[in-house]
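Engineer: Got a structure for you, questions after.
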Amino acid sequence: PVGEKERVDSERRYVSTVARELLMAETAAAAAAAATAAAGNAAAGLSPTKDIAKQREDILSQHPRFEKLTVKHKDAMAAAQASAGYKAGGGGGSLSHDAINVTIKSMAAASCGVEPLRRRLPGSLAVGRVKIMCARAFGLDVDLQTLHYRVDGDPFPTELDDDGNTLSYYGVSDGAEILMNEVDVEARKRDEEREKAMQEQRIEEQERTATALQAAQTKGFEVKA
């Protein structure tokens, strides 16, 4: 069964992904409208506002859960909503590229006593760049870091699990707290070994099934003969 934390993470990731899709569509539509106007085709009956609204409507029709989940996670996903120019209940809005104030705290045993970092960061900053900041401040190698973020009253921190994604992608909002933890190398090694063993077991089962099917087919041919 899916745990509560996994479900919350999945819902937030869904909201972030759709918000990012809305942002990209709005940006592309605005660029196309600008190109049309520059080409002198503004009188062709094309409306940039209507075109962007149509793009938004098409995307939202493909994601019927977006509005409900946006409202449900509105505090944690505030940055993602702003990036998408989306306001729950009314749509619309405008693009926002405002920086966000965050507190970065080390939860690693060797540096948990170090003063937290308080920074104003652009929402477009990649997670990998935040890890570099943490490495300099807390002395933990980037490869050994895992980052999560939370907002006030949030019982389930969300993992920032892709160094290439931005803070806005994950919905990191103004006032959020980013937590740096140290990877349990031994636990990761055990997980990798367990996954390898399970993969080998699946291969063996597939081979046994294939052998049994082949034997049954051969026996059937012999009976017919």
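Engineer: Mind checking which pairs have a first residue in region 104-132 that is more than 22 Å from Tyr170 (Cα to Cα) and a second that is of a type in the set (S, T, N, Q) and open to solvent by less than 80 Å² (accessible area, probe 1.4 Å), Cβ under 8 Å, 6 or more apart or different chains?
Structural biologist: Short answer, once both residue conditions are applied: Ala108/Asn181; Cys112/Ser106; Val114/Ser106.
Engineer: Taking Gln217, is it over 23 Å from Asn101 (Cβ atoms), open to solvent by 90 Å² or more (accessible area, probe 1.4 Å), free of Cβ contacts under 8 Å to residues at least 24 places away in the same chain and out of contact with any strand residue (DSSP E or B) (no Cβ under 7 Å at 6 or more places or on another chain)?
Structural biologist: yes
Engineer: Suppose we keep only residues that are among the β-branched types (Val, Ile, Thr) and under 21 Å from Ile132 (Cβ atoms) within region 150-185. Which one would you say is most open to solvent (accessible area, probe 1.4 Å)?
Structural biologist: Taking the candidates together, the pick is Val185.
Engineer: Yes or no: Tyr170 part of a strand (DSSP E or B) and either free of Cβ contacts under 8 Å to residues at least 40 places away in the same chain or not aliphatic (A, V, I, L, M) (or both)?
Structural biologist: The answer is no for Tyr170.
Engineer: Of the residues Gly139, Gly113, which single one is at positive phi and modelled with pLDDT of 90 or more?
Structural biologist: Gly139
Engineer: Right, another one. Quick check on this structure: which one of Arg56, Arg20 is charged (D, E, K, R), at pLDDT 70 or above and open to solvent by less than 70 Å² (accessible area, probe 1.4 Å)? Before you say what the answer is, go through the steps one by one.
Structural biologist: Values: Arg20 fails: open to solvent by less than 70 Å² (accessible area, probe 1.4 Å).
The match here is Arg56.
Engineer: Mind counting the residues in region 124-167 that are in a strand (DSSP E or B) and of a type in the set (A, V, I, L, M, F, W, C)?
Structural biologist: 2
The values are calculated or read from the model by the stated rules, or taken from the named source; none is laboratory data. If you're wondering where the values come from, they're calculated on a predicted model, not measured in any experiment. Note: ideal-geometry Cβ built from the backbone for every residue, glycine included; neighbour counts use all protein chains shown. Heads up: the accessible areas ignore ligands, DNA and RNA and are worked out on the full protein's heavy atoms, side chains in. Shrake-Rupley method; radii C 1.70, N 1.55, O 1.52, S 1.80 Å.
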